[in-house]
Amino acid sequence: MTASPLAELPADQVLKTVRTYRQGPLLTVELHLPEEGNVVGDAMLDDLLTVLDHQDPGIRVVVLSAAGDAFCLGGDRREFPQQLDADPTGDGIRVSGKKALRVCEALTANPAVTVARVQGRAVGAGVGLLLACDLRVGVDTATFRLPELALGVPPAWGGLLPRLISEVGVARVRELLLTARVFDAQEALALSVLHKVVPADALDDAVMAYAKPVLRRPASAVRVTKAMLQSLAAPTRLADVSLFDPELLTAVLTGQRAAGTAR
């Protein structure tokens, strides 16, 4: 486990699946389901929206971290059968998909600079969450996987695919998705999934090395620069087909349920 100094701080906000810790203009948002690998279900999406939609305008840096051994083991697939039982048309899955889009966009479009602090495994939706952040630091033992095809679903969560193609490039993304293989921190660095790789005991120092310069910059200049970068990157994101993610995932899962092939 990668130790975090957050254990020594009082939580600013304690929700069912998320905790926040504020240190002046720096806010750490911690995924806090360590016993379940911080899987992202409806409750976590709701908690993240509660935090991000009501973020204090005085916050200049947001660090997205995770409790326990894993950063995030992906979406909570246990919810899919429950949602389909409740509504065979898949409306529950559709609603969850729209929440995932809102969470990732709240990180990407955040007026503060967002920094992902990554340890352990990042899988599927976990990769989507960290890619939504401006800067990404991981420990040298971290691993990553995009297992969607192996699980029988498309990579349609939170705008994951357009972000991957924008950040990594279509040829490498094609290989990662079709093989669903695990890749390590050094490959993640080479692919720009991570910006920096450090030993476990240097992780928090590396996060602060990104945060401290940002905190010294004029807030207005940072906001405008982020907006410029987003605007210039937008043409490479395939006309933002992520808007179709909830419908694509719903169509596949309801079709599998009807055909009796759901996994």
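Under the criterion of Cα pairs below 8 Å and six or more residues apart, the relative contact order for the chain equals 19 percent.
Take segment 150-241 with all the other protein chains still there, run a 1.4 Å probe, and you get 53 Å² of accessible area per residue. Beta bridges assigned by DSSP with both partners in the chain are antiparallel in approximately 35 percent of cases. Shown for the chain are the DSSP H helices of 18 Å or more along their axis, judged by Cα atoms, with a mean Kyte-Doolittle hydropathy of at least 0.5: 219-233. Straight-distance candidates among the aspartates and glutamates for linking to Lys98, with alpha-carbon spacing under 13 Å and chain neighbours fewer than 8 residues away dropped: Asp42, Asp46, Asp245, Glu247. Roughly speaking, to the nearest percent, how much of the chain's 1.4 Å accessible area is carbon and sulfur? Looking at the chain in its full context, I get 59 percent from C and S. A DSSP coil position with no more than 16 other Cβ atoms inside 10 Å describes the following trypsin sites (Lys or Arg not before Pro) in segment 4-63: Lys16. From helices alone, the chain scores -13500 deg cm²/dmol at 222 nm; the rule is -39500 (n - 2.57) for each run of n ≥ 4 DSSP H residues, then divide by the residue total. Within a straight-line Cα-Cα reach of under 26 Å, Lys212 can be paired with the following lysines, leaving aside sequence neighbours fewer than 8 residues apart in one chain: Lys196, Lys226.
Distance between the C-alpha centres of segment 151-179 and segment 6-51: 26 Å, rounded to the whole angstrom.
Solvent exposure of segment 10-107, expressed per residue, is 42 Å² of accessible area, with all protein chains present and a 1.4 angstrom probe.
The values are calculated or read from the model by the stated rules, or taken from the named source; none is laboratory data. None of these values were measured; they are calculated from a predicted model. Note that each Cβ is placed from the backbone with ideal geometry, even for glycine, and that neighbours are counted across all protein chains shown. Accessible surface is based on the protein model in full, side chains and every heavy atom, while ligands, DNA and RNA are left aside. Shrake-Rupley method; radii C 1.70, N 1.55, O 1.52, S 1.80 Å.
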